[in-house]
Amino acid sequence: MLKELFAPTDMTVGTPWKKIVAFTVPMLIGNIAQQLYNTVDSIVVGKYVGDNALAAVGSASPILNLMLVLFMGISVGAGIMVSQYFGAQEREELSGTIGCCITLTAIASVLLMIIAPMVIRPMLRLLDTPDSIIDWCASYLTILMVGIAGMAYYNILSGILRGLGDSVSALIYLLVATVLNIILDVVFVAAFGMGVSGVALATAIAQSVSAVLCLLKLGRMKNIFDLKLSYLKMQKRHALTIIRLGLPSGATQAIFSMAMIIVQSLTNSFGEMFIAANVIIMRVDGFAMMPNFSFGTAMTTYAGQNVGAREYERVTRGAKQGTLIAVGVSASITLLILIFGKYLMGIFTDTKELVDLSVYMMRILAPGYIAMAVTQCLSGVMRGAGDTITPMWISLITTVAIRVPVAYGISWLTRTPELPNGRSECVFISLLCSWVLGALINVFFYRRGKWKTKAIHTGA
């Protein structure tokens with residue numbers, strides 16, 4: 001029984017919703033654990049260092065996400081190829097894809113380790129980061145970038161495991177790393193007084209541990225694929241396919257991160273209190289989004305395996321069932337946030353004004369999580385089938401053409417002598433608008449059905 005729990009899952013057979021839920025639950029737990037990395041960082045610096053340190057960690061997040069887009073692209077491309085080749089039972093192609101991913105990640109990690117430290121402080125200056133927190137932001141980002149290989153390899157190798165239908169192993173390794181991260185956070189910050197640098201170092205070490213555990217697990221899966229030195233040699237065909245599939249998703253994340261950076265500049269104009277409130281909201285947001293992201297990833301693996309097996313009717317059934325379940329879960333979480341929001345915000349700070357401001361802004365954003373459940377599931381199906389272009393364009397429309405203009409438009413229209421930068425609510429109203437419209441656009445393109453023609457495996 002235990003052996004079966006840690007084995008790859010064939011999602012081309014059995015009741016669709018049961019397979020989707022069984023795959024999603026351990027991944028959801030894992031995603032919650034991963035979110036603890038950032039959350040524990042925020043709690044520790046907020047409690048032991050102060051609200052400005054909390055603001056520093058949050059202000060660094062958009063830049064960090066932008067720098068990680070290359071790895072996100074590799075991860076998405078790898079996950080699609082792995083799930084389709086696994087569904088089609090093409091061992092040679094599966095082995096070549098996994099080997100190519102490992103090599104691509106090594107190259108990308110070295111490039112980022114060299115380039116990132118040189119551009120971090122100029123980017124922070126460009127965003128008008130307050131002088132009171134800019135040094136903390138710079139040190140936090142620099143340490144994470146120097147240790148980027150561990151973070152990159154965990155995300156990509158765990159993505160490969162999920163593409164094979166094994167979401168349990170990635171969960172176990174992440175839980176180990178999360179516990180280590182929490183211990184190191186307390187030791188480095190509370191005991192050694194390392195401040196923001198301490199939480200960055202703790203995260204880098206913990207992510208490296210989880211990456212090594214994932215690699216060891218893949219090395220033992222010899223009944224599924226071959227992890228030999230010959231497969232680590234870069235193969236042009238596999239590399240180009242990974243890039244073709246992953247580039248749109250990487251571009252999507254880059255677009256999202258750029259929009260976040262542009263809006264972060266607006267956020268910074270409202271002062272340290274609002275910046276800190278934004279950090280708290282984004283940490284709670286991270287947990288609220290976990291079911292949506294988990295179901296979205298599950299739908300990508302489910303669609304990939306079934307498209308690989310040419311079971312298109314089964315893909316459609318699973319998409320409907322998975323989306324309905326995701327919407328129900330998201331609605332429940334939204335209700336909990338609205339009821340217990342004050343207590344959630346109080347975990348991060350003892351400042352009453354900061355808690356009240358965070359609760360007020362979170363109530364504006366909360367209904368959008370239901371819309372995001374639809375977006376994540378349907379875009380996950382399209383990506384799993386090999387159509388990564390459509391979700392990219394939808395993200396471009398919602399983040400660039402909707403969110404940014406709405407945020408700055410509301411800010412400009414609400415300017416008064418008392419509020420020279422306008423009302424701060426514009427940041428979250430714009431995000432809510434982009435989420436709702438994004439869900440409607442995803443439904444339209446999913447129902448058009450062009451994603452059914454995008455399979456990459458040779459049997460299609």
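Within region 281-297, can one find any residue that is aliphatic (A, V, I, L, M) and within 18 Å of Ser75 (Cβ to Cβ)? Yes, region 281-297 has at least one match.
For region 225-236, taking the residues that are open to solvent by 80 Å² or more (accessible area, probe 1.4 Å) and in a loop (DSSP other than H, G, I, E, B), the one that is farthest from Phe86 (Cα to Cα) is identified as Lys233. All of Arg125, Arg162, Arg121 fail the test of being under 17 Å from the mean Cα position of the chain (by Cα) and open to solvent by 10 Å² or more (accessible area, probe 1.4 Å), apart from Arg162. Residue-level check: of (1) of a type in the set (A, V, I, L, M, F, W, C); (2) part of a helix (DSSP H, G or I); (3) under 25 Å from Ser430 (Cβ atoms); (4) touching a residue at least 60 places away in the same chain (Cβ under 8 Å), Val315 misses just (3). Beta carbons closer than 6 Å, at least 6 apart along the sequence or on distinct chains, pair a first residue in region 436-460 that is within 30 Å of Ser95 (Cα to Cα) and part of a helix (DSSP H, G or I) with a second that is at pLDDT below 95 and not aliphatic (A, V, I, L, M) for Trp451/Asp387; Lys452/Tyr312. On the basis of being in contact (Cβ under 8 Å) with a residue 60 or more places away in the chain, open to solvent by less than 20 Å² (accessible area, probe 1.4 Å) and more than 30 Å from Thr301 (Cα to Cα), does Thr97 make the cut? Here the answer is no, as Thr97 does not meet what is asked. Cβ-Cβ distance below 9 Å, separation of 6 or more or different chains: which pairs start in region 105-128 with a residue that is closer than 30 Å to Gly79 by Cα and end on one that is not in a helix (DSSP H, G or I)? Pairs that qualify, where the first residue is closer than 30 Å to Gly79 by Cα and the partner is not in a helix (DSSP H, G or I), are Ile107/Met234; Leu112/Leu68; Met113/Gly147.
Can you confirm whether region 391-405 contains a residue that is farther than 30 Å from Arg91 by Cα, more than 20 Å from the chain's Cα centre (by Cα) and in contact (Cβ under 8 Å) with a residue 40 or more places away in the chain? Within region 391-405 (the criterion being farther than 30 Å from Arg91 by Cα, more than 20 Å from the chain's Cα centre (by Cα) and in contact (Cβ under 8 Å) with a residue 40 or more places away in the chain), the answer is yes, since at least one residue qualifies.
In region 29-73, the residue that is nearest to the chain's Cα centre (by Cα) out of those that are open to solvent by 40 Å² or more (accessible area, probe 1.4 Å) and among the aliphatic types (A, V, I, L, M) is Met72. Considering only residues in region 304-320 that are surrounded by fewer than 18 Cβ atoms within 10 Å (Cβ to Cβ) and not acidic (Asp, Glu), the one that is farthest from Lys452 (Cα to Cα) turns out to be Lys320. For region 263-281, filtered to residues that are of a type outside the set (A, V, I, L, M, F, W, C) and not in a helix (DSSP H, G or I), the residue that is nearest to Asp356 (Cα to Cα) is Gly271.
For Gly386, indicate whether it is on the phi > 0 side of the Ramachandran plot and over 18 Å from the mean Cα position of the chain (by Cα).
Details: on the phi > 0 side of the Ramachandran plot: yes; over 18 Å from the mean Cα position of the chain (by Cα): yes.
So Gly386 passes the test.
Please go through region 377-405 and pick out each residue that is at pLDDT 95 or above and open to solvent by 10 Å² or more (accessible area, probe 1.4 Å). If the condition is that a residue be at pLDDT 95 or above and open to solvent by 10 Å² or more (accessible area, probe 1.4 Å), then Leu378 is the only one that fits. Quick one: in region 124-179, of everything that is β-branched (Val, Ile, Thr) and within 22 Å of Val25 (Cα to Cα), which residue is modelled with the lowest pLDDT? Looking at residues that are β-branched (Val, Ile, Thr) and within 22 Å of Val25 (Cα to Cα), I get Val168. Cβ-Cβ distances below 7 Å connect the following pairs, each with a first residue in region 169-181 that is under 7 Å from Ala206 (Cα atoms) and part of a helix (DSSP H, G or I), a second residue that is open to solvent by less than 50 Å² (accessible area, probe 1.4 Å) and among the polar types (S, T, N, Q), and a separation of six or more residues or different chains: Ala177/Gln207; Ala177/Ser210; Asn181/Thr203. Filter region 421-435 down to residues that are free of Cβ contacts under 8 Å to residues at least 40 places away in the same chain and more than 22 Å from the chain's Cα centre (by Cα) and give me whichever is surrounded by the fewest Cβ atoms within 10 Å (Cβ to Cβ). In this case the residue turns out to be Arg423.
When the criteria are applied in full, Ser197 meets the requirement of being of a type in the set (Ser, Thr, Tyr), within 14 Å of Ser42 (Cα to Cα) and in contact (Cβ under 8 Å) with a residue 24 or more places away in the chain.
Within region 210-224, can one find any residue that is part of a helix (DSSP H, G or I) and among the β-branched types (Val, Ile, Thr)? Before the answer, list the steps.
Initially, region 210-224 is screened for residues part of a helix (DSSP H, G or I), giving 210-219.
With among the β-branched types (Val, Ile, Thr) added as a condition, the list becomes 212.
Yes; the residues of region 210-224 include at least one that is part of a helix (DSSP H, G or I) and among the β-branched types (Val, Ile, Thr).
Contact map, region 222-238: residues that are touching a residue at least 60 places away in the same chain (Cβ under 8 Å) paired with residues that are surrounded by fewer than 11 Cβ atoms within 10 Å (Cβ to Cβ), Cβ distance under 6 Å, separation 6+ or inter-chain. Pairs shown: Leu227/Gly219.
Summed over region 347-376, the residues that are under 30 Å from Asn52 (Cα atoms), open to solvent by 30 Å² or more (accessible area, probe 1.4 Å), part of a helix (DSSP H, G or I) and not β-branched (Val, Ile, Thr) give a count of 6.
The values are calculated or read from the model by the stated rules, or taken from the named source; none is laboratory data. As the structure is a computational prediction, the values presented were derived from the model and not from experiment. When we count neighbours, we look across all protein chains shown, and the Cβ atoms used for this are built from the backbone with ideal geometry, even at glycine. Quick note on the areas: whole protein, heavy atoms, side chains included, nothing else; ligands and nucleic acids left out. Shrake-Rupley method; radii C 1.70, N 1.55, O 1.52, S 1.80 Å.
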